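Colleague: Shown below is the structure under consideration.
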Amino acid sequence: MSNHAAFILASYLAAFVILGGLVIASLSARNRVRRELDQRGLAPRGSAPRGVDRKR
Amino acid sequence: MADLHFLANPARFRRFSQRVLPGLGFATVLMLCVGLYMAFFVAPADYQQGQTVRIMFLHVPSAWLSMMGYALLAGLGASLLVWRHPLAALMARAAAPVGASFAAVCLLTGSLWGRPMWGTYWVWDARLTSMLLLFFLYLGHIALSRAYDEPERGDRAAAILALIGVINLPIIKFSVDWWNTLHQPASVTRLDAPAIHNSILVPLLWMAVSLLFLFVFLVLLRTETEIDRRRLENAAAQEEGAPA
């Protein structure tokens with residue numbers, strides 16, 4: 001891909017790291033908050049993250 | 001528009017986003033896979049830029065989305081300050097890091113394109129500087145909204161910053177017309193026909209729609225989290241205030 005391949009690949013890698021990192025951080029934050037809500041018995045119906053056994 | 005008002009209630013919004021998110025996430029991944037295939041294997045090399053035109057498939061949509069994200073922040077800020085919309089503050093908190101990330105992608109990819117094309121990673125020309133300012137405005141919004149013990153005060157301060165900062169959007173858009181810049185003038189969003197051949201325009205627009213899907217997915221997901229987080233904070237505040 002010509003001698004500019006390093007710039008092209010670095011661009012896509014940077015975008016992947018930034019946007020992929022944001023997706024992962026957002027999903028893990030949602031699961032963390034949901035788990036905490038569930039532990040306090042505040043979770044609305046149908047919102048428990050996977051692996052959480054809701055005691056109702 | 002009346003239909004959108006039904007989403008103003010955080011609980012209803014939450015139910016809506018829970019229904020929409022799985023399908024939207026799947027569509028986003030699918031769209032991005034097709035978009036990347038088009039960007040690398042369908043679009044031809046540009047007659048001037050050569051292979052580096054492939055960076056444009058990320059750079060241009062990121063620039064559009066970071067500007068659109070800030071317009072959204074300003075709209076939400078107005079909604080919070082004028083109508084005290086219950087969801088506006090939560091959605092603004094959710095959207096600011098998403099917009100900041102797209103602004104960062106725009107700046108980084110632009111810089112990586114500039115080195116082989118202009119011979120430098122950075123110049124202080126009007127377009128680049130105003131884009132960098134947009135990134136700092138996003139960071140300011142994130143910092144302000146989290147700077148106070150009472151979240152409502154932080155939300156109001158951030159909303160004011162969003163409304164003041166919106167003046168930067170037309171500056172970014174028209175900077176290439178108002179000043180002599182190294183950055184090229186608009187080639188897609190022109191009043192007459194785009195100055196790009198369809199073989200490059202189609203993958204560019206496809207990537208723009210794919211990244212728009214990602215933007216919406218992230219904002220919905222993070223807004224849902226903010227609603228739950230506020231719920232937790234309110235519960236904790238009630239527990240603290242309750243007599244022993």
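The values are calculated or read from the model by the stated rules, or taken from the named source; none is laboratory data. The shown structure was predicted, so the numbers you read here are calculated from the model rather than taken from an experiment. No Cβ is skipped: glycine too gets one built from the backbone with ideal geometry, and neighbour counts run over all protein chains shown.
Colleague: Going residue by residue through region B:70-93, is there one that turns out to be touching a Leu at 6+ places or on another chain (Cβ under 8 Å) and within 30 Å of A:Ala5 (Cβ to Cβ)? It would help to see each step written out before you state the result.
Modeller: At the first step, the residues of region B:70-93 found to be touching a Leu at 6+ places or on another chain (Cβ under 8 Å) are B:70-71, B:74, B:77-78, B:81, B:85, B:87-89, B:91-92.
Those still in the list that are within 30 Å of A:Ala5 (Cβ to Cβ) too: none.
Scanning region B:70-93 turns up no residue that is touching a Leu at 6+ places or on another chain (Cβ under 8 Å) and within 30 Å of A:Ala5 (Cβ to Cβ).
Colleague: Still on this structure, please answer the following. Count, please, the residues in region A:1-32 that happen to be more than 14 Å from the chain's Cα centre (by Cα) and small (Gly, Ala, Ser). Write out each step before concluding.
Modeller: Taking region A:1-32 first, the residues more than 14 Å from the chain's Cα centre (by Cα) are A:1-15.
So of that shortlist, the ones also small (Gly, Ala, Ser) come out as A:2, A:5-6, A:10-11, A:14-15.
So the answer is 7.
Colleague: Could you please let me know if B:Phe213 is farther than 19 Å from B:Ile55 by Cα, surrounded by fewer than 17 Cβ atoms within 10 Å (Cβ to Cβ) and of a type in the set (Phe, Trp, Tyr)? Let's see the steps before the verdict.
Modeller: Working: farther than 19 Å from B:Ile55 by Cα: yes; surrounded by fewer than 17 Cβ atoms within 10 Å (Cβ to Cβ): no; of a type in the set (Phe, Trp, Tyr): yes.
So B:Phe213 fails the test.
Colleague: Determine, yes or no, whether A:Ser11 is surrounded by 14 or more Cβ atoms within 10 Å (Cβ to Cβ) and among the hydroxyl-bearing types (Ser, Thr, Tyr).
Modeller: Numbers: surrounded by 14 or more Cβ atoms within 10 Å (Cβ to Cβ): yes; among the hydroxyl-bearing types (Ser, Thr, Tyr): yes.
Spelling it out, A:Ser11 is indeed surrounded by 14 or more Cβ atoms within 10 Å (Cβ to Cβ) and among the hydroxyl-bearing types (Ser, Thr, Tyr).
Colleague: Here are some conditions: (1) closer than 29 Å to B:Tyr121 by Cβ; (2) over 19 Å from the mean Cα position of the chain (by Cα); (3) part of a helix (DSSP H, G or I). B:Pro44 meets all but one. Which one does it not meet?
Modeller: Single failed check for B:Pro44: (3).
Colleague: Out of B:Ser62, B:Ser66, which single residue is in a helix (DSSP H, G or I), crowded, with 18+ Cβ neighbours inside 10 Å and facing chain A (nearest Cβ under 9 Å)?
Modeller: Numbers: B:Ser66 fails: facing chain A (nearest Cβ under 9 Å).
Just a single option satisfies the conditions, and that option is B:Ser62.
Colleague: Within the bounds of region B:141-150, is there any residue that is touching a Ser or Thr at 6+ places or on another chain (Cβ under 8 Å) and assigned to a helix (DSSP H, G or I)?
Modeller: Within region B:141-150, the first condition is being touching a Ser or Thr at 6+ places or on another chain (Cβ under 8 Å), and the residues that meet it are none.
Within region B:141-150, not a single residue is touching a Ser or Thr at 6+ places or on another chain (Cβ under 8 Å) and assigned to a helix (DSSP H, G or I).
Colleague: OK, next. Among the numbered conditions (1) more than 21 Å from the chain's Cα centre (by Cα); (2) modelled with pLDDT under 90; (3) closer than 29 Å to B:Cys33 by Cα, tell me where B:Thr189 comes up short.
Modeller: (1)
Colleague: Can B:Thr129 be described as at the interface with chain A (Cβ under 9 Å from one of its Cβ atoms) and in a helix (DSSP H, G or I)?
Modeller: Numbers: at the interface with chain A (Cβ under 9 Å from one of its Cβ atoms): no; in a helix (DSSP H, G or I): yes.
So B:Thr129 does not fit the description; no.
Colleague: Looking at B:Leu204, is it within 15 Å of B:Val60 (Cα to Cα) and surrounded by fewer than 22 Cβ atoms within 10 Å (Cβ to Cβ)? Steps first, please.
Modeller: Values: within 15 Å of B:Val60 (Cα to Cα): yes; surrounded by fewer than 22 Cβ atoms within 10 Å (Cβ to Cβ): no.
When the stated conditions are applied, B:Leu204 does not pass them.
Colleague: Right, next: Suppose we filter B:Ala74, B:Ala43, B:Ala39 for residues that are in contact (Cβ under 8 Å) with a residue 12 or more places away in the chain, in contact with a helix residue (DSSP H, G or I) (Cβ under 6 Å, 6 or more places away or on another chain) and facing chain A (nearest Cβ under 10 Å); which single one remains?
Modeller: Numbers: B:Ala74 fails: facing chain A (nearest Cβ under 10 Å); B:Ala43 fails: facing chain A (nearest Cβ under 10 Å).
Being in contact (Cβ under 8 Å) with a residue 12 or more places away in the chain, in contact with a helix residue (DSSP H, G or I) (Cβ under 6 Å, 6 or more places away or on another chain) and facing chain A (nearest Cβ under 10 Å) holds for just one of B:Ala74, B:Ala43, B:Ala39, which is B:Ala39.
Colleague: Would you pick out the residues in region B:1-19 that are exposed (fewer than 14 other Cβ atoms within 10 Å of the Cβ) and either modelled with pLDDT of 90 or more or within 14 Å of chain A (Cβ to nearest Cβ) (or both)? I'd like the intermediate steps shown before the answer.
Modeller: Filtering region B:1-19 for residues exposed (fewer than 14 other Cβ atoms within 10 Å of the Cβ) gives B:1-6, B:9, B:11-12, B:19.
Answer for region B:1-19, where residues must be exposed (fewer than 14 other Cβ atoms within 10 Å of the Cβ) and either modelled with pLDDT of 90 or more or within 14 Å of chain A (Cβ to nearest Cβ) (or both): B:Asn9, B:Ala11, B:Arg12, B:Arg19.
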